[in-house]
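Coordinate-derived values only; no laboratory data. Fair warning: this is a prediction, and the values are worked out from it, not measured in the lab. Reconstructed Cβ throughout: ideal geometry from the backbone, glycine too, with neighbour counts over all protein chains shown.
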Amino acid sequence: MTSFEHDFPFDPTYGRTLDELLRIPAPEAPDDFDAFWRNRYAQARAVATEPELGPLEEERDGVRIHGVTFTSVGGARLGGWLALPVEGAAEHGFVIGHGYGGRQGPGPDVPLPLPRSAAILPCVRGLPARGLWEGVPDTSGGHVLHGIASRDTYVIGDCVADLWCAASALNELVPETDPAAGGPRLGYLGESFGGGLGALALPWDDRFGAGQLTVPTFGNHPLRLTLRCAGSGEAVRGYHRGHPEVTEVLRYFDAATAATRLELPTLVAAALFDPSVPPPGQFAVHNALPGARELQVLSAGHFDYPDGAAETEELRAARSRFFGTHLKA
């Protein structure tokens, strides 16, 4: 086990060794799990996303970065950023999710995993800075509980749909990234909140050819409900104490359960020590994958540590190699 000095009132390794983490399973899916998600996907694909490209905001790392807006399910008009190659047509397309803090800009997700790529970096509904939506809380503890009483109203399902609609917007704005028009399949990158959303989104969308999930959340909810943490999972644990029936809703939004359906090549970066997203849930996502998978073990997630910068660079190199192998132009 990896351990660091910290002041959390719990052990962010949760007492698990790597061997133990690699044996954590996924919960069983509800009987209508696949039908539920296929229906949500069909609804999202029926949306006219009407994307609009904003003015150039910056240029770096071989791309020009513009603001972008698009429409998602329920008429939500969301924003984000679009990265386009400085020279020539895009040879690859990426959808890049974000953590539960939202995003203030494209940040460290640019440079992109492959050269001559285009990418959309959306803000999902409710979260800053360009996803703020009336009625949806903009902090993680409030957001993760929004609509949680029903699988049909839970905001996490709409956030997954926001990623699907972002992919549609990317394909419309950059037609060479559209597999239906002869382009290669898309890549997906998501960290923490975005990693969990990616596990829920990717099994149903054949526009994608490979994905990277870094310290993914929402893995193995029954286990997560027993593990104290400093992230959004603690709000869910608190809600569960007063509403134990929520376990039936959470079964439909379990990233590890969804991962059992995720057959495209997937790179998972999972941490041994993480106070915000308990490692057992992260590894449950990796362990559930039935297709080609790679694991990058991180010493820690959501925590500053001496080797953090070096491990980040190792992961950056691994993802470039991974997508270069699995996304063919």
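Data for the structure
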read-out	value
Flag for Leu295 being within 17 Å of the chain's Cα centre (by Cα), surrounded by fewer than 23 Cβ atoms within 10 Å (Cβ to Cβ), in a helix (DSSP H, G or I) and in contact (Cβ under 8 Å) with a residue 12 or more places away in the chain	no
Answer residue from the stretch 48-72, given it is of a type in the set (Gly, Ala, Ser) and surrounded by fewer than 18 Cβ atoms within 10 Å (Cβ to Cβ) and is nearest to Ile156 (Cα to Cα) among those	Ala48
Residue in the stretch 299-320 that is out of contact with any strand residue (DSSP E or B) (no Cβ under 6 Å at 6 or more places or on another chain) and either closer than 30 Å to Phe33 by Cβ or surrounded by 22 or more Cβ atoms within 10 Å (Cβ to Cβ) (or both) present	yes
Among the residues listed as Phe322, Phe283, the single one being of a type in the set (Phe, Trp, Tyr), under 29 Å from Ala118 (Cα atoms) and assigned to a helix (DSSP H, G or I)	Phe322
Strands (runs of 3 or more DSSP E) enclosed by the stretch 4-88 - at least 3 residues per element that are in contact with a His (Cβ under 8 Å, 6 or more places away or on another chain)	52-60, 77-85
Residue within the stretch 17-24 that is touching a residue at least 60 places away in the same chain (Cβ under 8 Å) and of a type in the set (Ser, Thr, Tyr) present	no
Flag for Ala235 being among the aliphatic types (A, V, I, L, M) and buried (at least 22 other Cβ atoms within 10 Å of the Cβ)	no
Matching residues in the stretch 254-272 - criterion: being of a type in the set (S, T, N, Q) and within 12 Å of Leu200 (Cα to Cα)	Thr257, Thr260
Answer from Arg224, Arg207, Arg237 - the residue that is of a type in the set (Lys, Arg) and in contact with a strand residue (DSSP E or B) (Cβ under 7 Å, 6 or more places away or on another chain)	Arg207
Of all residues making up the stretch 229-246, the number that are part of a loop (DSSP other than H, G, I, E, B) and either under 21 Å from Phe10 (Cβ atoms) or of a type in the set (Phe, Trp, Tyr) (or both)	3
Count of the stretch 240-272 residues which are more than 18 Å from Ala35 (Cβ to Cβ), touching a Phe, Trp or Tyr at 6+ places or on another chain (Cβ under 7 Å), surrounded by 22 or more Cβ atoms within 10 Å (Cβ to Cβ) and in contact (Cβ under 8 Å) with a residue 60 or more places away in the chain	2
Residues being under 26 Å from Asp109 (Cβ atoms) and part of a helix (DSSP H, G or I) - total across the stretch 201-223	4
Enumeration of residues in the stretch 124-142 that are of a type outside the set (Ser, Thr, Tyr) and surrounded by fewer than 23 Cβ atoms within 10 Å (Cβ to Cβ)	Pro128, Ala129, Arg130, Leu132, Trp133, Glu134, Gly135, Val136, Pro137, Asp138, Gly141, Gly142
Total residues in the stretch 124-168, condition in contact with a helix residue (DSSP H, G or I) (Cβ under 7 Å, 6 or more places away or on another chain) and of a type in the set (Asp, Glu)	1
Where His6 falls short, out of the listed (1) loosely packed, with under 13 Cβ neighbours inside 10 Å; (2) in contact (Cβ under 8 Å) with a residue 40 or more places away in the chain; (3) not aliphatic (A, V, I, L, M)	(1)
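Conditions tested, residue by residue: (1) touching a Leu at 6+ places or on another chain (Cβ under 8 Å); (2) β-branched (Val, Ile, Thr).
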residue	(1), (2)
Val215	yes, yes
Phe218	yes, no
Ala230	no, no
Arg237	yes, no
Thr266	yes, yes
Pro280	yes, no
Gly308	no, no
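Table: residues versus (1) surrounded by fewer than 24 Cβ atoms within 10 Å (Cβ to Cβ); (2) without any contact (Cβ under 8 Å) to a residue 24 or more places away in the chain; (3) in contact with a Leu (Cβ under 7 Å, 6 or more places away or on another chain); (4) not basic (Lys, Arg).
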site	(1), (2), (3), (4)
Glu172	yes, no, no, yes
Thr177	no, no, yes, yes
Pro184	yes, no, yes, yes
Ser192	no, no, no, yes
Leu197	no, no, yes, yes
Ala201	no, no, yes, yes
Trp204	yes, no, no, yes
Gly209	yes, no, yes, yes
